[in-house]
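Undergrad: Here it is, the structure, as structure tokens.
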Amino acid sequence: MVQTVLLCLLLGLPCWESPSPVRHEDTAHELFLLCNRARQTEGLPALIPDTTLTEIAGGHSLKMARSGMLRHRFRGMESLSRRMERVDLYFSDCGENIASSRDPDAPGIHLGWMASDAHRANILNPRFTHCGICVVGNGKTTFVTQILARLMMPKTASEIEFHLQERLETWWMQLFQQRYVYHRDAKPYARETAARLVHNLEVQPPPVRWPRHTTFTLVYPEMLVIEERLKNVMAGMDIEGITIGAGWGRHPRFPGGTCAVYALLFGRHFIHFQPETLIRMMLQSLNQLRARTRAKVLRLDDAMSRRARKFLGHRAAANTKPRIRDVAGHTLGIFTTVNPRLVPDSIVAWMSERIRQQDRVGIAVSRLESSDPATGGLRFVLVFRRD
């Protein structure tokens, strides 16, 4: 024993063994409860404990305890997202809090995190859904790692397609009281293309030339975002049919996993319609709305339509927000829409309250300039005689 001590002293090495790192699971559990209490105070949903995240956190806390250093990343260490990928987790967002303390003092560690803007932002991030915490002590210092993430369940192409088709069909029916058809012959190509998109491969040309259609492509982890963007494109079209193909996997931009959707929308953008057709459709929409309140049926008036066309060039009509104006004995409604069957609520209310007894209207329309037809709009001016 003496020889060993002397050898250690001669070599300049410590002659005692440092205690093995010890996990403090009670402290970790208390920290988890404190974090959820803070989220509850802010009206945020509670985090769900995840054993895999806890193990990743444990590996990092252990490394800090053995080195005696507080670091987010050690030399040669992979990023947090890469470590999560390696254990086959799918996620759209992740974050990490670390801390060190002389004692495994959960309230003190939590107060320190909440006093730091960056750590507090992680704890109160509304996007995060799951959490793993590990507390490890080395006899001198306690090291803490908290990993937060928005975890996702991997999905099949069929699950994504069914979800989108069901949601879109319900939305379309509620909005327009009509159905569109599914073009099943384009389905294999749409699904194959979505699979190529999710793996960042070049899209192949279609096997046939389908008539009059627009393609929609998006690679993104959040289904709700994909759904809303697809709705925005569909709302500006006279849809006759639709085909949706989907894929799921890891993408260079989204290594935690993502959806890919490729849709073919059969029909035409309203921005490409002739003005006469758009005016006729708007008149039909206005009369359908007025029928609900038993207001008089509107007829198109040529003289008032000329006045409406004249006002289209006025700078007051350039504002895209719905507006009501009284001009020279007439009342004007000015608004922008992507679809002549969609009239802003404020214009509908104005027609129901102020001009129920009118039976003539002037309508003019112009196209909004846009490099992308999917984002183009239509500006309408409605002219009524002022009561």
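The values are calculated or read from the model by the stated rules, or taken from the named source; none is laboratory data. For clarity, every value in this text was computed on a predicted model and none was experimentally measured. All Cβ positions, even for glycine, are placed from backbone atoms using ideal geometry, and neighbour counts span all protein chains on display. For the accessible areas, the whole protein counts, side chains as well, though only heavy atoms, and no ligand, DNA or RNA atoms are used. Shrake-Rupley method; radii C 1.70, N 1.55, O 1.52, S 1.80 Å.
Undergrad: Kirkwood hydrodynamic radius, computed over distinct alpha-carbon pairs, for region 44-168: how many Å, to one decimal? Don't skip to the answer; put the middle values down first.
TA: Details: mean 1/r = 0.0633 Å⁻¹.
One over the average 1/r among Cα pairs gives 15.8 Å for region 44-168.
Undergrad: Figure the gain on full extension for H72 and S158 (residue separation times 0.36 nm, minus the Cα-Cα span) and round it to one decimal in nm. Don't skip to the answer; put the middle values down first.
TA: On the way: separation 86, 0.36 × 86 = 30.96 nm, distance 3.94 nm.
Full-extension gain reported as 27.0 nm.
Undergrad: In whole angstrom, how long is each semi-axis of the equivalent ellipsoid of region 80-135, when you take the square root of 5 times every eigenvalue of its Cα gyration tensor and sort them from largest down? Before the final figure, lay out the partial values.
TA: Working: eigenvalues 109, 41, 15 Å².
Output for region 80-135: semi-axes of 23, 14, 9 Å.
Undergrad: Right, here's the next one. Carbon and sulfur: what percent of the chain's accessible surface (1.4 Å probe)?
TA: On the way: 10880 of 21030 Å².
Taking all protein chains in place, the chain shows 52 percent carbon and sulfur surface.
Undergrad: Suppose each label sits 7 Å from its Cα in the direction of the beta carbon; what would the H330-R299 distance come out to in nanometres?
TA: Computed distance between label sites H330 and R299 equals 1.8 nm.
Undergrad: Give me the number: length gained by fully extending T170 to Y182, i.e. 0.36 nm times residue separation minus the C-alpha to C-alpha distance, one decimal in nm.
TA: Working: separation 12, 0.36 × 12 = 4.32 nm, distance 1.41 nm.
Here the answer is 2.9 nm.
Undergrad: Go through S67, S61 and list them by solvent-accessible area, largest first, probe radius 1.4 Å. Walk me through the numbers on the way to the answer.
TA: Working: S67 50, S61 0 Å².
Correct descending sequence by accessible area is S67, S61.
Undergrad: Show log10 I(q)/I(0) for the chain at q = 0.07, 0.10, 0.15 Å⁻¹, two decimals, from a solvent-free Debye sum over equal Cα scatterers.
TA: One equal scatterer on each Cα of the chain leads to -0.55, -0.84, -1.17.
Undergrad: Antiparallel versus total DSSP beta bridges in the chain: what percent is that, nearest 5? Don't skip to the answer; put the middle values down first.
TA: On the way: 60 of 66 bridges.
Restricted to the chain, the bridges split so that about 90 percent are antiparallel.
Undergrad: Region 172-301: percent of C-alpha pairs farther apart than 24 Å?
TA: On the way: 3554 of 8385 pairs.
The share of Cα pairs beyond 24 Å in region 172-301 comes to 42 percent.
Undergrad: I would also like to ask the following. Using +1 on the beta carbon of Lys and Arg, -1 on that of Asp and Glu, and nothing else charged, what's the dipole of the chain about the Cα centre, debye to 20? Before the final figure, lay out the partial values.
TA: Working: 52 positive and 37 negative charges, 427 e Å.
The dipole magnitude comes to about 2040 debye.
Undergrad: Something else about it: Where in region 164-218 are there GluC sites (Glu not before Pro) that are in a DSSP coil and have at most 13 other Cβ atoms within 10 angstrom of their Cβ? Don't skip to the end; give the middle numbers.
TA: Details: sites: E166, E169, E192, E202; in loops: E202.
Those that pass, being in a loop and sparsely packed, are E202.
Undergrad: From Cα coordinates alone, what are the radius of gyration and Dmax values for region 212-273 in angstrom?
TA: In order Rg, Dmax, the Cα atoms of region 212-273 give 13.0, 43 Å.
Undergrad: Also, I was wondering about something else. For region 43-155, what is the accessible area per residue in Å² when the probe is 1.4 Å?
TA: On the way: 5480 Å² over 113 residues.
On a per-residue basis, 48 Å².
Undergrad: Another question, then. Below 8 Å, C-alpha to C-alpha, sequence gap of six or more: please give me the relative contact order for the chain in percent. List each step's numbers first, then the result.
TA: On the way: 685 pairs, mean separation 53.2, N = 387.
Relative contact order here is 14 percent.
Undergrad: Under the classification rounded if a/c is under 1.5, otherwise prolate if a/b is larger than b/c and oblate if not, where does region 149-191 fall, given a ≥ b ≥ c as square roots of the Cα gyration tensor eigenvalues?
TA: oblate
Undergrad: What residues of region 247-273 lie in the reach of a label at S81, counting those whose backbone N is under 17 Å from a point 7 Å from the Cα along Cα→Cβ?
TA: Answer for region 247-273: 249-260.
Undergrad: Another question about this same structure. P(r) for region 120-227: what percent of alpha-carbon pairs falls in each 10 Å bin, starting at zero?
TA: 9, 28, 26, 16, 11, 6, 3, 0
Undergrad: Something else now. For region 228-332, report the translational diffusion coefficient in µm²/s to the nearest whole number, using Stokes-Einstein at 37 °C, 0.692 mPa s, and a Kirkwood Rh over Cα pairs.
TA: 182
Undergrad: Of all alpha-carbon pairs in region 190-240, indicate the percentage at a distance above 19 angstrom. Each step should come with its number before you reach the end.
TA: Details: 501 of 1275 pairs.
Result for the distance tail: 39 percent.
Undergrad: Continuing with this model, one more query. Bin by bin, in steps of 5 Å, what percent of the Cα pairs in region 129-168 do you find, going until the bin that has the longest distance?
TA: Computed distribution, short to long bins: 6, 16, 13, 11, 12, 9, 8, 8, 5, 6, 4, 2.
Undergrad: Going by the alpha-carbon gyration tensor, a ≥ b ≥ c the square roots of its eigenvalues, is region 15-112 rounded (a/c under 1.5) or, if a/c is not under 1.5, prolate (a/b greater than b/c) versus oblate? All intermediate terms of the calculation are to be shown ahead of the outcome.
TA: Details: a/c = 2.10, a/b = 1.19, b/c = 1.76.
The shape class here is oblate.
Undergrad: Can you tell me the accessible area per residue over region 173-219, all protein chains present, probe 1.4 angstrom, in square angstrom? List each step's numbers first, then the result.
TA: Numbers: 3330 Å² over 47 residues.
Using a 1.4 Å probe on heavy atoms only, each residue of region 173-219 averages 71 Å².
Undergrad: Continuing with this model, one more query. Before I look further, what does region 324-364 give for accessible area per residue, probe 1.4 Å, in whole square angstrom? Mind showing how you got there, number by number?
TA: Values: 1600 Å² over 41 residues.
Each residue of region 324-364 exposes 39 Å² on average to a 1.4 Å probe.
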